[in-house]
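Chemist: The structure follows.
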Amino acid sequence: MDFSHYAPLWGEALLTALAVLVVLLGSLMKDSGKLMGYLSAAGIVAALAIVANTLTISKPAIFFFDTVSVDALSQFFKAVFLIVSLLVVIASLSKYTGKGADVYYALLLFATVGMMVVASSVDLVTLFVGFELASLSTYALAAFDKSKKNLEAAMKYFIFGSVSSAFMLFGFSLLYGMTGSTKLADIAAASLGNFGPATLVALLFVIAGFAFKMALVPFHMWAPDTYEGAPALVSAMLAAGSKKMGFAAAFRVLLIGLIALRMEWYLAFAILAAVTMTLGNLAACWQDNVRRILAYSSIAQAGYIAIGFVVVGAAYGAAPVTAFNGLAVPAAQLGIAGALLLILGHALMKTGAFIGTAQVASMVSASSEKDPDDISNYAGLAQRAPITAFCMLIFMFALAGIPPTAGYIGKFVLFSSAIYSGLLWLAVIAILNSALSLVYYLRIISYMYLKEPAGPKVSEPKGYVVALVLTLIAVVWIGVFPQSFVDWALQAAAVLLPQ
Amino acid sequence: MYADYAYLIVGLPVLAFVLCLFVGWHLPRGGGFLTALATFGALVISLGIFSEIYPDKIIHQSMPWFANFNVGILIDPLALVMLLMVTFVVTLIHTYANGYMNGDPGAARYFAEAALFTASMLGLIYADNLLQLFIFWELVGLCSYLLIGFWYRKPSAAAAAKKAFLTTRVGDVLFLTGIILLYNNMASLNLALKPGEYLLQFPVIYAHLAEIPPAQLTLIALGLLGGAVGKSGQFPLHVWLPDAMEGPTTVSAMIHAATMVTAGVYLVARMFPLFYAAPHGLTAVAAVGAFTALFAATMGLTAFDIKRVLAFSTVSQLGFMMAGLGIGAAVGTMAVGVAMFHLIGHSFFKALLFLGAGSVIHAVNTNDMREMGGVGKYMKWTMYTMLIGSLSLAGFPFFTGFFSKDEIIVIAYEYGVLINFLPYIFLVLAAVLTAIYTFRMWFSVFTGKERSNYGKHESPMIMIGPLVILAVFAFGFGFAAQSDFYSYLDSNFEHYDVNFEELSVIGGHVLAGEHGATEAATGEHAPAAEGEHGAEEAHAEPWYIQILPIIIAIGGILTAGLFYWDKIKKFDPSQVTGDNDPIRKMLLKGYYQHEILTGWFAEGVVYGTALICNTIDIKLVDGWLNWLSAWVMGFAQNIRKVQSGVVQNYVTALVLGIVVLVVVISLAKEVGLA
C-alpha cells in the first residue's frame, strides 16, 4: 500500500493515533496531564503543518471510493478547526494538568478529528460518522468538570443533539431512498423533483440537523444553557469549532448534493437568518451572565453567516458582478467567501472571548459563592487583569464588526455580497442588527474599563495569556491585511460552484 | 542599496516609540536618546537614498493591501527634500529636547509621542497613495493633540489641545470628502489598471486627471484645500495654531513651526497637477495664502508672548508658501519649487527661532517679552543665533529667507501682470510687517534694560549645539542650494505621465512664458515647467521689483529699531497710537476673532442652533428612540422567557420549527414565491 498517496490525510491519521496514545500513556503514567497537553499541542501543530501544505490545492484529491475529498474548502475548514483546538489546548495547559487531564486532551483530539472528517466528506455516511464522533466527544467534554451545572449542560446538549441527529439521519435515509446513493455527486445527478413533498421534508430534516450545530433559531435552544454550563474552554470549542462543523457540512450537502432544491433552502435560510440574528441580538441585551451574552452573540453571528446560503440561493449561476475589489466575481462566490471569512473571524474572536471568561471565572470562583460569569465580576477588569481586559476589548469590538478587525472584514464581504445579489432587505436587517449588538458588547466593555475594580489585581495564567495574545494578533492581522485571506476564501468558495 | 531600507525611515521611529512607551521610564532622560538616534538613523537612510537617486531617479515600492488599495513608498524629488528636511530638523530638535525635557516627570511619554509623531510625519511624506497619506495625516493630528496637551493638568493646555483637534477636524472632514470624491471619479472611469497600479496612487491620479470632469476637479481641489487649510493653519482655520504654543517649546518648534504644519503645503504641492487642472483651484489657494500672510503678520505685530509672535509668524509664512503654490496659475510647476524652497528654508530658521525662544524661556522663566529686555548680555549664543534666524525670517539680503521668500514675491509680480495684482500687494505688505515684528521681538528681548528680575544664565551645550547648526543652515542654505534646488524640484513631475499643457487648457490658465510675461500675455500656452530658473528669468521683471524686497527688509528692520532698539529709539509705541486707538485695539484683540468666533459664532449661532437641535432631539428623536428601545427591550425580555431551561420545551421548539418551515415553504411555493 502506498502511504504517500494518502499524504493529504496524514493530519487526521496523526491526531487519531495521538488521541489513542494520550489515553494509553495517561493510564500508564501518573501526573501526566501537562505532558499530554504539550503532546496534543505539538500534534495539532504538526497536523496544521500538513493541512497548510495543501491549503490552496487546486484539484480536489479524492479518497476511499469517492467519500472523502481534500480540496481548498475542506482545508479551509480544517485550518479553522485546528487553530481553534490549538488555542483551546494552549489555554487548557493552565487549567487541566491534574488527574484525568489525559482524557480531556484525548476527547479534544477526537472531536477535532471528527470535525476534520466532516470538512472532507462528500458522502452522507462518512459525514454522519464524523458528525457523531465530534458530537459524542463534545458531549463528554461538556460534563468534564463534573459540577452540577456541567452535568445539566451536557445533558441538555446530549438530548437535543440526539434528537437532531435522529432528524438528520432520517433526512439522509429519505435522500438515499429517493436517489439510491449516499454520495453527494450522485444525489446531485438524480432528479429529486419526482418525489413531491418528501423532498421538502428530507431537506428540512437535514437542515434541522445542521442548524442544531450552527445554533440557528429555533434549533438554538440548547446553546445558551450549554455554553453557560459547560467548562469555559469547552464552550470555546463548541462555539468556535463545532458550530462551524455544521456550516462545513451544510455547505457541501446543500450546495453540491441538493443544489436542485436551492429555491427551497434559499427560502428556509432567508427566514432562519433573519430570525436568528434578530432574536439572538435581542436576547443578548438582557443577559447578566457574560457567557450567556456570548452564547446569544454566537447565535446572532450564526444568523449573519447563514446569509451566505441565501446569497448563493439568490445568485446561483448569475453573471459575475464587479465587486468592491474591482474584479469580476460571481456574487454567489463572494457570498460563500464572506461566510467563510466570518467563520474564520468568529472562530478566533469567540475562542478568545471564552478564554477571557475562563480567566475571569478563575479569578472569582475561589473567593465567592456567586456566579463566576456574572457581569459584575468584570468590573474594573482593566486594572485587575489588564492583558485579558485589553484582549476582550478588541474581541468585543471585532464581534461587533468594527474595523480593522477580522469581524469587520467578514461582515463587509458578506453583506456586500448580499447587496450585489439583490438582497438589500437582508443586508439592512443584518446591519441594523450589528448596530443593536453594540448594546451588549459595549456593556461588557464599560464594565471592564469604566467601573471600579471588584477586587485586587491578579496574576494572569501563562496559558491563557499566550492563547489570548495569539488570538488578538490573528484578529487584528486579518483586519489590517485582509487581502490574502479574501483571496483564500474566494478560492475555497470556488470548490462549491460549477467552474 | 539604501532604497531597500526605505521602510526603516518610518520603522526606526516606530521602534523608538514602542521602546519609549514601554521601557522609557527605566531609562535615563526618559529614553530620549532612543528617539533622537532613531530619527538620526532615518536621516542617514534619507541621505543614502539622496546620494543614490539624485538627480534623475525616483523610488517607488508598493505592495497590495486589500481590495483597491495598496501600501507603498514613493520617493521623488518633492518627497526627498521633505524627508531630508524633516529628519534633519527633527533630529536636532530631539537632541535639544534631551536637554530641555530633562527632569520632567513625563519625559518618557514625551519622547514616545515625539517618536510616534516623527514616524507619522515621515510616513505621510513618502506615502505613494492618498489613502495612506490620509492615515498618517490623522496620526500626525493625533500626536499634535497629545503633545499640545502634554501638560494635561494645566487647563489652558488641555483646552488648547482640544481646540487644535476640533479645528483641524473641520479640515480633515473636507479632506476626506475630497478623497472620496476623487475615488468615486477615478472608479467611474473604469480604468484598465496594470498590475501594481491602484486607483488612489499618485502616479495613477496624475495620469488620469484630464479625464475627470472639470467641475468635479474643482470640488475635489476645494476639499483637499480644506484639509490643507486646517493642517497648515490658514485663514479661517488658523485659530488653533497660536494656542498650540501651550505645549513644550520643543513641540512648538517641531510640530507647529517646522514640520507638521507644512503638511498642508506639502499636500497641495503633491496634488499640484490636480489643483492646476481644476478651474479656480489655484486661485483659491492663492487667495487663502496671500490673505493669511498679511492677516497673521498684523497680529504678530501686537502679541506680547514671544511664542505667539513666532506662531503668528508661522501662520503668515505658511500663507506665503500657499500663495507661492497658487501663483502656479501663472508660472506652472515652477511654483512648486519656489514654495517648497521657502518651506525648507523656513523650517530651518523657524526651528532655530523657536528653539532660541525656548532657550530664553528656559532661562528667564516667562514668555512675556515685556518682562525680558537685555537678555543678550547673559545669553550670547542664543542672542546671535537668534539674530541670524531673525535676519533670515525678515529676508535680509543673502540670508536663506531672502532667497526663498522674495522669490515668491517676485513671481507674485508675474502673477499680477498676467492675472491679478492683489496677491502681490498683500505679500509685499506682509513682508514689510514680517521684518518689523521679527525685529520688534529681537530688540525687545535681547537689547535694552532688564525689565524684570529673571534667571541670568546661558542654556546647556546640548541645547546650544542644535541652535548653532540650525543657524548655519538658516544663513547659508538659500545661497548654497538655490539653483540646484529649483532645477531638481522642477523635474519632479517629469517622472510621471502628466501633461501640463492639456491640464492648463482644462484649468483655463495662461502661463507666463520662459522669457517673461509678454509672450504668454499674447496667448501662447508655453508651460514653464522646463528651463533655467533663476538669473535668466528673474531679469524679466523690472529692476525695482528685484530691489524692492531688499528695501522692504532693511526698512522694516530699521522701523522696528526706531521703536524698540534703545540705541536709536525715536518713538515710543504707546505714544504713537493712543491706548484707545481703534486699530491698535483691534490688532491687540486679534481682530476680535475670539469675540466673533467664540462669542458670536460658537456661543451664539452654533450653541443656539445646538439648543434648538437639542430640544428637537430630546423631544422628538429621543422620544421616538426611547419608545422603540423600550419596546425592543420589552420584547427581548419576553424572548428570554421562552428559554425556560426545560429540555422538553426545547425539543418541542425544534419539531415545531421544522413543521413551520415545511408549511411556510410549501405555501410560498404554492403562491409562486419560490
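Chemist: Kindly state, to the nearest 0.05, the FRET efficiency for B:S629 paired with A:I419, given R0 = 25 Å and r defined as their beta-carbon distance.
Modeler: 0.40
Chemist: Moving on. Taking trypsin sites (Lys or Arg not before Pro) as exposed when DSSP calls them loop (any state but H, G, I, E, B) and at most 15 other Cβ atoms lie within 10 Å, what is the longest stretch of chain B free of them, the sites themselves excluded?
Modeler: B:154-448
Chemist: Applying the Karplus parametrisation 6.51 cos²θ - 1.76 cosθ + 1.60 with θ = phi - 60° to the phi angles of the stretch A:470-486, what ³J(HN,Hα) value in whole Hz is obtained for each residue in order, glycine and proline being reported as x?
Modeler: So the Karplus estimates, Gly and Pro as x, are 4, 4, 4, 4, 4, 4, 6, 4, 4, x, 8, 10, x, 4, 5, 6, 4 Hz.
Chemist: To continue, here is another question. Past the 40 angstrom mark, what percentage of all C-alpha to C-alpha distances in the protein assembly as shown do you count?
Modeler: Tail of the P(r) past 40 Å holds 55 percent of the pairs.
Chemist: Please average, across the residues of B:650-656, the number of beta carbons from any other chain that are within 10 Å of each residue's own beta carbon, and give a whole number.
Modeler: 6
Chemist: Within chain B, which is the longest segment that contains none of the GluC sites (Glu not before Pro) sitting in a DSSP loop with at most 16 other Cβ atoms within 10 Å?
Modeler: The segment B:198-449 is the longest one with no such site.
Chemist: Give me the net charge for the shell around A:L255: Cβ to Cβ below 14 angstrom, other residues only, Lys and Arg +1, Asp and Glu -1.
Modeler: 0
Chemist: Continuing with the same structure: In whole Hz and in residue order, list the ³J(HN,Hα) couplings for the stretch B:549-559 that follow from phi through the Karplus curve 6.51 cos²θ - 1.76 cosθ + 1.60, θ = phi - 60°; x for Gly and Pro.
Modeler: Each residue's phi maps through the Karplus curve to give x, 5, 4, 4, 4, 5, x, x, 5, 5, 4 Hz.
Chemist: So the label point goes 7 Å from the Cα of B:A480 along Cα→C-beta, right? Which residues of the stretch B:331-352 then have their backbone N under 19 Å from it?
Modeler: B:341-352, by backbone N distance to the label point.
Chemist: Right, next: Considering amide H positions built from the backbone, and no H for Pro or chain starts, which residues 5 or more places from A:V321, or on another chain, come under 5 Å of its amide H?
Modeler: Residues meeting the amide H criterion: A:V329, A:A331.
Chemist: Find out how many positive minus negative residues lie around B:P64, taking Lys and Arg as positive, Asp and Glu as negative, among other residues whose Cβ is under 15 Å from that of B:P64.
Modeler: Once positives and negatives cancel, what remains is -2.
Chemist: Give me the net charge of B:I557's neighbourhood, meaning all other residues with Cβ under 15 Å from the Cβ of B:I557; Lys, Arg count +1, Asp, Glu -1.
Modeler: Value of the local net charge: +4.
Chemist: Which angle from 0 to 90°, rounded to the nearest 10, does the C-alpha axis of helix B:130-148 make with the longest principal axis of chain B?
Modeler: Around 70 degrees separate the two axes.
Chemist: Then there's this: Is any residue of the stretch A:210-228 close enough, with backbone N under 19 Å, to a label point placed 7 angstrom from the Cα of A:A166 along the Cα-Cβ axis, and if so, which?
Modeler: Inside the label zone: A:210-213, A:218-223.
Chemist: Where does helix B:461-490 land angle-wise versus the long Cα axis of chain B, in degrees 0 to 90, nearest 10?
Modeler: 80 degrees
Chemist: If you don't mind, there's one more thing I want to ask. Show me the trypsin sites (Lys or Arg not before Pro) within the stretch A:388-466 that DSSP assigns to loop and that have at most 13 other Cβ atoms within 10 Å of their Cβ.
Modeler: When the trypsin sites (Lys or Arg not before Pro) of the stretch A:388-466 are filtered for loop state and at most 13 Cβ neighbours within 10 Å, A:K457 remain.
Chemist: Another question, then. Run the helix sum for the protein assembly as shown: -39,500 (n - 2.57) per DSSP H stretch of 4+ residues, divided by residue count, reported at 222 nm to the nearest 500 deg cm²/dmol.
Modeler: -23000 deg cm²/dmol
Chemist: For the pair B:Y54 and B:W543, what calculated FRET efficiency results from E = 1/(1 + (r/R0)^6), where r is the Cβ-Cβ distance and R0 = 41 Å, to the nearest 0.05?
Modeler: In this case the efficiency is close to 0.75.
Chemist: Using a 7 Å offset from the Cα along the Cα-to-Cβ direction at both A:N194 and B:E450, what is the distance between the two label points in nm, to one decimal?
Modeler: 11.3 nm
Chemist: If you fit an axis through the alpha-carbon atoms of helix A:406-420 and take the longest principal axis of the Cα set of chain A, what angle between them do you get, 0 to 90°, nearest 10?
Modeler: With rounding to tens, the tilt is 30 degrees.
Chemist: For the stretch B:623-633, take each phi angle, set θ = phi - 60°, evaluate the Karplus expression 6.51 cos²θ - 1.76 cosθ + 1.60, and give the result in whole Hz per residue in order, putting x for glycine and proline.
Modeler: After applying 6.51 cos²θ - 1.76 cosθ + 1.60, I find x, 5, 5, 4, 4, 5, 5, 4, 5, 4, 5 Hz.
Chemist: Take the alpha-carbon centre of the stretch B:1-55, take the same for the stretch A:105-159, and report the distance between them in whole Å.
Modeler: 53 Å
Chemist: Of the listed pairs B:K231/B:K405; A:K95/B:K641; B:K380/B:K570, which have alpha-carbon separations greater than 24 Å here?
Modeler: A:K95/B:K641; B:K380/B:K570
Chemist: Would you mind ranking B:T168, B:T118 by Cβ crowding within 10 Å, fewest neighbours first?
Modeler: With the fewest neighbours first, B:T168, B:T118 line up as B:T168, B:T118.
Coordinate-derived values only; no laboratory data. Remember, predicted model here, so these are calculated numbers, not experimental data. Please note: Cβ atoms are built from the backbone with ideal geometry, for glycine as well, and neighbour counts cover all protein chains shown.
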